[in-house]
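Notes follow once the structure below has been shown.
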Amino acid sequence: MSYAEEQLKHLEELSKKEPGDSILTEAHRLVHGQRGQDYGHPYEDFSRTAKIWSAILGIEVTPQQAILCMIAVKISRECHLPKRDNRVDIAGYAEALDMVVNYRDHHESA
């Protein structure tokens, strides 16, 4: 098995929900597992989202702002109808925000 195949298998195993997982554990598995495979690094994913929102709104939107807006959507939904999925997604977006900030800081200082 190649290194890439081993890494994909490892990510796949991480993304499986286990009974009794905390919302933080589940969010971590999602961000670093299947969603990461599907959408790429959060910096790339939310940079695309920010560019689309910038065109729609006619103002510059940063990847960080796009993530904060997604958190706001989940908070609104949680206020309307509390669900574990909302809280997992809020935690996942917080993890994605941290990854975007770290990516930006690393690449701006390089």
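The values are calculated or read from the model by the stated rules, or taken from the named source; none is laboratory data. Please read all numbers here as calculations on a predicted model, not as lab measurements. In this analysis, Cβ positions are derived from the backbone assuming ideal geometry, glycine residues included, and neighbour counts consider all displayed protein chains.
Residue by residue through the stretch 79-108, note down the ones that are touching a Phe, Trp or Tyr at 6+ places or on another chain (Cβ under 8 Å) and among the hydrophobic types (A, V, I, L, M, F, W, C).
ALA96, MET99, VAL100
Scanning the stretch 76-97 for residues that are within 18 Å of ASP21 (Cα to Cα) and charged (D, E, K, R), which turns out surrounded by the most Cβ atoms within 10 Å (Cβ to Cβ)?
Restricting to residues being within 18 Å of ASP21 (Cα to Cα) and charged (D, E, K, R), the top hit is ASP89.
Starting from the stretch 31-56, keep only residues that are closer than 18 Å to VAL101 by Cβ, then list their pairs with residues that are among the hydrophobic types (A, V, I, L, M, F, W, C) and modelled with pLDDT under 95 whose Cβ atoms are within a distance under 9 Å, requiring at least 6 positions of separation or different chains.
Final answer for the pair search is HIS32/LEU11; HIS32/LEU14; GLY36/LEU11; GLY36/LEU30; PRO42/VAL31.
On the given criteria, is SER76 at pLDDT below 95 and not acidic (Asp, Glu)?
Answer is no for this residue.
Take the residues of the stretch 42-70 that are among the acidic types (Asp, Glu) and surrounded by 12 or more Cβ atoms within 10 Å (Cβ to Cβ): which is nearest to GLY92 (Cα to Cα)?
Only one residue tops the list, namely ASP45.
Name the residue, out of VAL73, VAL31, that is of a type in the set (Val, Ile, Thr), closer than 19 Å to ASP85 by Cα and surrounded by fewer than 17 Cβ atoms within 10 Å (Cβ to Cβ).
From the options VAL73, VAL31, the qualifying one is VAL73.
A quick yes/no check of all residues on (1) touching an Asp or Glu at 6+ places or on another chain (Cβ under 7 Å); (2) of a type outside the set (Asp, Glu); (3) modelled with pLDDT under 95:
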| position | (1), (2), (3) |
| --- | --- |
| SER15 | no, yes, yes |
| GLU18 | no, no, yes |
| VAL31 | yes, yes, yes |
| GLN37 | no, yes, yes |
| PRO42 | no, yes, no |
| ILE52 | no, yes, no |
| LEU57 | no, yes, no |
| GLU60 | no, no, no |
| GLN64 | no, yes, no |
